[in-house]
Amino acid sequence: MIVSSITASLRFDGALNVDLAEFQITLVSYPRIHIPLITYAPTISAEKAYHEQLSVPEITNACFEFSNQMVKCDPRRGKDMACCLLHRGDVVPKDANAAIAAIKTRWSIQFVDWCPTGFKVGIDYQPPTVVPGGDLAKVQRAFCMLSNTTAIAEAWAHLDHKVDLMYAKRAFVHWYVGEGTEDEGKLLVFIGII
């Protein structure tokens, strides 16, 4: 659903189409700072979809909640450099702008000092489709957010710690040696310990 939302502007028309090149220009301010935090809403089952209203402000709000993030980290601990907001389906620019204005006042979003502009909005009129027999409900509108935030460093630090623990036990080292990394010195450089 996320890749479909990101590439929807290449395939369908909308009020504010956002090209993939614009994502790179907006999100990647420096080449070494390029790992986005991705959220998607609504992730709702077919049974619950009949009981939910799923308005534009509700879906936009949901994308700023921890439960809809694809990476486990706390965005309140970091600062945002840029944020791409991608609406799909029955969304008009007026509703999207009102929802973003409400987000700016309600949530404690902090942008870095050198990049205060913040949000890039894309609207595509094609609603998301679902896989037949899948778990997700067919909805009239959806929202995907790509955010370049320093808070994602928390997730990478956790992953780095896990790799260090596995390497201390020499777990999976035989796979790297079997693929042509002959000595452990090259392997240490490869996984970033040296």
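The values are calculated or read from the model by the stated rules, or taken from the named source; none is laboratory data. Just so we're clear, the structure is a prediction, and the values are computed from it rather than from any experiment. Using ideal geometry, Cβ is built from the backbone for each residue, glycine included, and neighbour counts are taken over all protein chains shown. Just so you know, the surface numbers come from the protein's heavy atoms only, side chains and all, with ligands and any DNA or RNA stripped out. Shrake-Rupley method; radii C 1.70, N 1.55, O 1.52, S 1.80 Å.
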For Gln126: the one exception among (1) outside any loop (DSSP other than H, G, I, E, B); (2) in contact with a Phe, Trp or Tyr (Cβ under 9 Å, 6 or more places away or on another chain): (1)
Criterion violated by Ala151 - all others in (1) closer than 30 Å to Gly89 by Cβ; (2) of a type outside the set (S, T, N, Q); (3) open to solvent by 20 Å² or more (accessible area, probe 1.4 Å); (4) in contact with a Leu (Cβ under 8 Å, 6 or more places away or on another chain) satisfied: (3)
Of residues in segment 154-178 being of a type in the set (Gly, Ala, Ser) and modelled with pLDDT of 85 or more, the one nearest to Gln110 (Cα to Cα): Ala155
Residue under evaluation Trp114, criteria (1) surrounded by fewer than 18 Cβ atoms within 10 Å (Cβ to Cβ); (2) not in a loop (DSSP other than H, G, I, E, B), criterion not met: (2)
Condition met for Lys162 (farther than 21 Å from Met70 by Cβ, among the basic types (Lys, Arg) and surrounded by fewer than 17 Cβ atoms within 10 Å (Cβ to Cβ)): no
